[in-house]
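One structure below.
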Amino acid sequence: MKIDILTLFPEMFDCIKASIIGRAIKANKVEINIIDVRQFSIEKHKKCDDYPYGGGFGMVLTPQPLYDAIMSVKIEKSLVVLMSPKGDVLNQGKVCELAKYEHLIIVCGHYEGIDERIINLCVDCEISIGDYILTGGEIPAMVILDAVCRYVPDVITDSSLLEESFSDGLLEYPQYTRPQEFKGLKVPEILITGNHQKINDWRLKQSIKITKERRKDLYKEFIKKSKTNQKNEKK
Ligand code: 21W
């Protein structure tokens, strides 16, 4: 998989060589290119932003450098993703979908956004990472990078991905490691028995309980899904 990231702040991406993504890059599983949009500006001072037509606060990224930067990497099978506060909010389903593409072009806006004509001309989808305001799309792009790279074959073990799809849509159960007792708190007895059937039942119950307490939205989805699964099993 190839991911091109278009930004006015390429230095912000210096940290991605670490961790899981670093492993993916080293193993040649993903190719990540950070592309400096400023280099594409045909303006003599390489200017890439300007005042908004109609007035208002802040600056808007001009279309020319962004357009030329996108076109310099775009091929037929590319998906052009704009990081944008008004995009669809990212979730695991979306991550999984993005991971299927051979080539992602991720466009990071900055300041008060980008000229709308870039969205009309080149952008296939807009993604937000949640309802809070950041200074630009760079950190959201790193979030996508990290989440998508986990789906690249061999980056993490298949069993971790499998486990996720198992507990699909539920929050995680509590985990323990050694020692068996810490500051007077014991590891739940059931985890020490070695009875994997019972351990799995316990973990699922814990997941359901915590999801019901903390995320009513996910809990309702889960109940709905279990009901349709039951119906399909009967058929
Ligand atoms: C913040 C850009 C606010 C634009 C009228 C029209 C990308 C982001 C961003 C930013 C505005 C994401 C305006 C969650 C985020 C991002 C910078 C609003 C004012 N007035 N996900 N437009 N949060 N943020 N512009 O902030 O680019 S994904």
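The values are calculated or read from the model by the stated rules, or taken from the named source; none is laboratory data. Everything numeric in this text was worked out from a predicted model, so none of it was measured. Heads up, the Cβs are rebuilt from the backbone with ideal geometry, glycines too, and the neighbour counts pull from every protein chain shown. Side chains included, ligands, DNA and RNA excluded: accessible areas come from the protein's heavy atoms. Shrake-Rupley method; radii C 1.70, N 1.55, O 1.52, S 1.80 Å.
Could you pull out the trypsin sites (Lys or Arg not before Pro) across region 31-106 that fall in loop regions by DSSP (anything but H, G, I, E, B) with no more than 14 other Cβ atoms inside 10 Å? Could you put the intermediate results ahead of the total?
On the way: sites: R38, K44, K46, K47, K74, K77, K86, K94, K100; in loops: K44, K46, K47, K74, K77, K100.
Sites meeting the loop and neighbour criteria: K44, K46, K47, K77, K100.
Kindly write out, for region 70-77 in residue order, the coupling ³J(HN,Hα) from the Karplus curve 6.51 cos²θ - 1.76 cosθ + 1.60 (θ = phi - 60°), rounded to whole Hz, with x marking Gly and Pro.
4, 5, 5, 10, 5, 10, 4, 8
Assigning unit charges at the beta carbon (Lys, Arg +1; Asp, Glu -1) and nothing else, what dipole magnitude in debye, to the nearest 20, does the chain show about its Cα centre?
Numbers: 34 positive and 34 negative charges, 270 e Å.
Roughly 1300 debye, rounded to the nearest 20.
May I ask which residue of Y111, I133, I35 lies farthest towards the positive end of the charge dipole of the chain, with charges of +1 (Lys, Arg) and -1 (Asp, Glu) on Cβ and the Cα centre as origin?
I133
Taking 0.36 nm per intervening residue step and subtracting the Cα-Cα distance, what contour gain separates L185 from T135 on full extension?
Working: separation 50, 0.36 × 50 = 18.00 nm, distance 4.30 nm.
Extending this stretch completely gives an extra 13.7 nm.
Could the peptides 59-68, 9-18 be put in order, highest first, of the mean number of other beta-carbon atoms found within 10 Å of their residues?
Working: 59-68: 18.8, 9-18: 13.8.
So the peptides 59-68, 9-18, ranked by packing, come out 59-68, 9-18.
Between I42 and K100, how high is the FRET efficiency from 1/(1 + (r/R0)^6) when r is the Cβ-Cβ distance and R₀ = 41 Å? Nearest 0.05. Display every interim value, and only then the final one.
Working: r = 35 Å, r/R0 = 0.86.
Here the calculated transfer efficiency is 0.70.
Please sort by residue number the GluC sites (Glu not before Pro) in region 24-113 whose DSSP state is loop and whose Cβ has at most 11 other Cβ atoms within 10 Å. Display every interim value, and only then the final one.
Working: sites: E31, E43, E76, E97, E102, E112; in loops: E43, E76, E102, E112.
For GluC sites (Glu not before Pro) across region 24-113 that sit outside H, G, I, E and B with at most 11 neighbouring Cβ atoms in 10 Å, the list reads E76, E102.
Can you tell me, using C-alpha contacts under 8 Å and at least 6 residues apart, the relative contact order of the chain as a whole percent? Mind dumping the intermediate values first?
On the way: 317 pairs, mean separation 46.0, N = 235.
That works out to 20 percent.
Quick one: check the C-alpha center-to-center distance for region 115-129 versus region 1-53, whole angstrom.
17 Å
Taking the Cα centre of region 167-234 as origin, work out the dipole magnitude from +1 charges on Lys and Arg Cβ and -1 charges on Asp and Glu Cβ, in debye rounded to 20.
Numbers: 17 positive and 9 negative charges, 63 e Å.
For this selection, approximately 300 debye.
Ordering R178, R117 from largest to smallest accessible area (1.4 angstrom probe), what's the sequence? Please list the in-between numbers first.
Values: R178 215, R117 130 Å².
Listed by decreasing accessible area, they come as R178, R117.
What list of ³J(HN,Hα) values in whole Hz, one per residue of region 48-53 in order, does the Karplus curve 6.51 cos²θ - 1.76 cosθ + 1.60 (θ = phi - 60°) give from phi, with Gly and Pro shown as x?
10, 9, 7, 5, x, 4
About the Cα centre, and with charges only on the beta carbon of Lys, Arg (+1) and Asp, Glu (-1), how big is the dipole of region 103-235? Nearest 20 debye, please. Walk me through the intermediate numbers first.
Working: 20 positive and 21 negative charges, 258 e Å.
For this selection, approximately 1240 debye.
Output the pairs from K46/K94; K26/K100; K2/K94; K94/K235; K209/K234 with a Cα-Cα distance over 23 Å in this structure; if there are none, say none. Before the final figure, lay out the partial values.
Values: K46/K94 35 Å; K26/K100 20 Å; K2/K94 17 Å; K94/K235 30 Å; K209/K234 26 Å.
K46/K94; K94/K235; K209/K234, as the Cα separations exceed 23 Å there.
Once the piece of chain linking F57 and Q175 is laid out straight, how much longer is it, given 0.36 nm per residue of separation minus the C-alpha distance between them? Could the numbers behind the result be given before it?
Working: separation 118, 0.36 × 118 = 42.48 nm, distance 4.81 nm.
Taking 0.36 nm per residue and subtracting the Cα distance, the gain is 37.7 nm.
Could you compute the FRET efficiency for L204 and C15, with r as their C-beta to C-beta distance and R0 at 30 Å, rounded to 0.05? Before the final figure, lay out each step's value.
Values: r = 37 Å, r/R0 = 1.22.
Computed FRET efficiency for L204 and C15: 0.25.
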